[in-house]
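Scroll down for the structure; my scribbles are underneath it.
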Amino acid sequence: MKLKTLEVDGKTYAEVQDGKPVYVEDDGKEVAFDAPGTRNTISRLNAEAKSHREAKEAAEKALKGFEGIEDPAAAIKALETVANLDSKKLIDAGEVEKVKAEASKAFQAQLDEANSKTKALEDQLYAEKIGGSFARSKVIAEKFAIPADLVQARFGSAFKVEDGKTVAYDANGNKIFSAARPGELADFDEALQVLVDQYPYKDQILKGSGASGGGAGGSGGGQGGARTMSREQFSKLSPTEQMAAVTGDKAVTLTD
């Protein structure tokens, strides 16, 4: 990264955006570097590292109390046997297992119901957090030639809800971090822009990246079998046809 500068009256000054110095990355993109935010992130990460180290040391200390136990499963079974023998004062040891099985069955039913409700709530949260982000996206409204639901159909799987936050992953399964806020996860629009930049058919789904002049008209072929279609024609297609039109080997170019 290089600091972007300006020449004023023969003097060189650093360009500033919203109080932040602007840097130019190797690919030409400009990023306003948030130095205070970066410092805060480093401090937070150092604190987290310390917490993780202390937790590891505490776990190692706790495990020392179990030294000499080579077969944890056998030890647990032995403890269960002793518990059954103690319970024989009330009921036969054989009945204890029956009671445990019934209790376990009832608990499992309650657990399954709770998991089902949790899954439903997670689905609702995903629909709101992810679906809502696509519907409200400024990037989609300004830069995409296809509607938000088709953008979600193509890129939605890259977004997940973790700890109540929207997190994006690239094609390699790595979290997408912000270029402007090092150490912090990219927000929805910034992550979507990164995913689109990596998409091989991005020219067919972005505005202003379609027809190449007078030779690209109608819905028939052109050089190499390329096809063009007006936005009005495109809007009359079904969602499945729209997705096929912009992602196929001979993707359609949209015209005004």
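Some points to look at:
- Sequentially through the stretch 161-175, phi angles give Karplus couplings (6.51, -1.76, 1.60; θ = phi - 60°) of 9, 10, 6, x, 10, 7, 10, 10, 10, 7, 5, 8, x, 9, 5 Hz, Gly and Pro residues having no value and appearing as x.
- Toward the positive end of the charge dipole of the stretch 1-146, with +1 on the Cβ of Lys and Arg and -1 on the Cβ of Asp and Glu, the farthest Cα among 130, 104, 75 is that of 130.
- With all protein chains modelled, accessible area of residue 238 [1.4 Å, Å²]: 50
- Here residue 45 and residue 120 are evaluated by their C-beta separation; at R0 = 41 Å the FRET efficiency comes out at 0.70.
- Apolar share of the accessible surface for the stretch 1-144: 57 percent from carbon plus sulfur atoms, 1.4 Å probe.
- The H on the amide N of residue 177, modeled in the peptide plane, is under 5 Å from the matching H of 186, each at least 5 residues off or on a different chain.
- Shape category assigned to the stretch 12-163 from the gyration tensor of Cα positions, a/c cut at 1.5: oblate
- Aspartates and glutamates with Cα under 19 Å of residue 105, excluding same-chain neighbours fewer than 8 positions away: 80, 95, 97, 113
- Shown in residue order for the stretch 232-238 are the 3J(HN,Hα) couplings computed by the Karplus curve 6.51 cos²θ - 1.76 cosθ + 1.60 at θ = phi - 60°: 5, 5, 4, 5, 7, 6, 6 Hz (x for Gly and Pro).
- Cα gyration tensor shape for the stretch 1-42, rounded if a/c is under 1.5, else prolate or oblate: oblate
- Partners for residue 129 among aspartates and glutamates (Cα-Cα distance below 20 Å; same-chain residues under 8 apart left out): 149, 162, 163, 170, 184, 187, 189, 190
- With a threshold of 26 Å on the Cα-Cα distance, the over-threshold entries among 61/98; 77/100; 119/160; 29/236; 29/207; 119/236 are 61/98; 29/236; 119/236.
- Separation between Cα centres of the stretch 15-35 and the stretch 124-157, rounded to whole Å: 27
- Taking amide H atoms as placed 1.01 Å from N in the peptide plane, the amide H of residue 34 has no partner under 5 Å among residues 5 or more positions away or on other chains.
- Under-5 Å amide H pairs with residue 206, H placed in peptide plane, nonlocal only: 145
- Additional length obtainable on full extension of the chain from residue 15 to residue 167, 0.36 nm per residue less Cα span: 51.6 nm
- Whole-Hz couplings from phi, Karplus 6.51/-1.76/1.60, listed for the stretch 132-146; x for Gly and Pro: x, 5, 5, 5, 9, 4, 6, 5, 5, 5, 8, 10, 9, 9, 10
- Tail beyond 16 Å, pair distance distribution of the stretch 137-189 (Cα, percent): 49
The values are calculated or read from the model by the stated rules, or taken from the named source; none is laboratory data. Please read all numbers here as calculations on a predicted model, not as lab measurements. All Cβ positions, glycine included, derive from the backbone under ideal geometry; neighbour counts span all protein chains shown. Protein only, heavy atoms only, side chains kept; ligands, DNA and RNA dropped before computing areas. Shrake-Rupley method; radii C 1.70, N 1.55, O 1.52, S 1.80 Å.
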